[in-house]
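These notes concern the structure reproduced below.
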Amino acid sequence: MIRDATVADAPTIGEVHVRSWQAAYEGLIPADFLAGLSVEPRAAAWARQIRDGGRVLVADDDGVIAGFAAFGPGQLYALYLLPEHWGRGVGRALHDRVVEELPGDSAILWVLATNERAKAFYVRQGWVADGASQTETIDDGRVTLEELRYRRSLP
């Protein structure tokens, strides 16, 4: 079941965020950075986002939040799943609901350039790399992320 997230979901969303980063970005982002990720700051950030009216959906799999997606006008900001739910259709269900709810004619998203699994997923969902890229630094500039922009038409 895909539903709107509530502030009460924020701790679990924070856990999904951290665990998915640790699994998906293993070997792509420095191991010490991934090992140092903490659920509490992410949970607090998601609670603020939800409380402030940010659009966040969760995939509720028999009472377990298996994943979440965050989006806003013209952009899918985040879509993450617990690793044990990868390949089970949960990400696709979340994605499809986001696409239904995104306003406008088209949308973008940014993907880590080295994340082949995510790039393949988005291409299967109709997204196309449009040639744009950006470099983002996190962890006080100690980690550099090269990202590619993908775009798709909306129904």
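Entry remark, segment 91-139: residues being over 18 Å from R55 (Cβ atoms) and aliphatic (A, V, I, L, M) number 10 in total. Look at (1) farther than 16 Å from P83 by Cβ; (2) under 13 Å from the mean Cα position of the chain (by Cα); (3) crowded, with 19+ Cβ neighbours inside 10 Å and you find that V16 fails only one, number (1). Within segment 87-97, restricting attention to residues that are within 13 Å of the chain's Cα centre (by Cα) and of a type outside the set (K, R), which residue is surrounded by the fewest Cβ atoms within 10 Å (Cβ to Cβ)? Of everything passing the filter in segment 87-97, V90 is surrounded by the fewest Cβ atoms within 10 Å (Cβ to Cβ).
Against the conditions (1) modelled with pLDDT of 95 or more; (2) touching a helix residue (DSSP H, G or I) at 6+ places or on another chain (Cβ under 8 Å); (3) of a type outside the set (G, A, S), V98 satisfies every one except (2). Residues that are free of Cβ contacts under 8 Å to residues at least 60 places away in the same chain, in a strand (DSSP E or B) and within 18 Å of N115 (Cα to Cα) do not occur anywhere in segment 28-44. For W46, the conditions (1) at pLDDT 95 or above; (2) under 27 Å from G126 (Cα atoms) all hold with the exception of (2).
Could you please let me know if L34 is buried (at least 18 other Cβ atoms within 10 Å of the Cβ), in contact with an Asp or Glu (Cβ under 9 Å, 6 or more places away or on another chain) and modelled with pLDDT of 95 or more? So L34 passes the test. The set of residues in segment 58-111 being in a strand (DSSP E or B), of a type outside the set (A, V, I, L, M, F, W, C) and in contact with a Ser or Thr (Cβ under 7 Å, 6 or more places away or on another chain) consists of Y80, S106. Beta carbons closer than 8 Å, at least 6 apart along the sequence or on distinct chains, pair a first residue in segment 58-72 that is farther than 13 Å from E84 by Cβ with a second that is acidic (D, E) for V58/D4; V58/D9; F68/D9; F71/E101. Restricting segment 78-137 to residues that are among the basic types (K, R) and in contact with a strand residue (DSSP E or B) (Cβ under 7 Å, 6 or more places away or on another chain), the residue that is nearest to A66 (Cα to Cα) is R97.
The values are calculated or read from the model by the stated rules, or taken from the named source; none is laboratory data. Computed from a prediction, not measured in an experiment: that's the story for all the values here. Neighbour counts run over all protein chains shown; Cβ positions are idealised from the backbone, glycine included.
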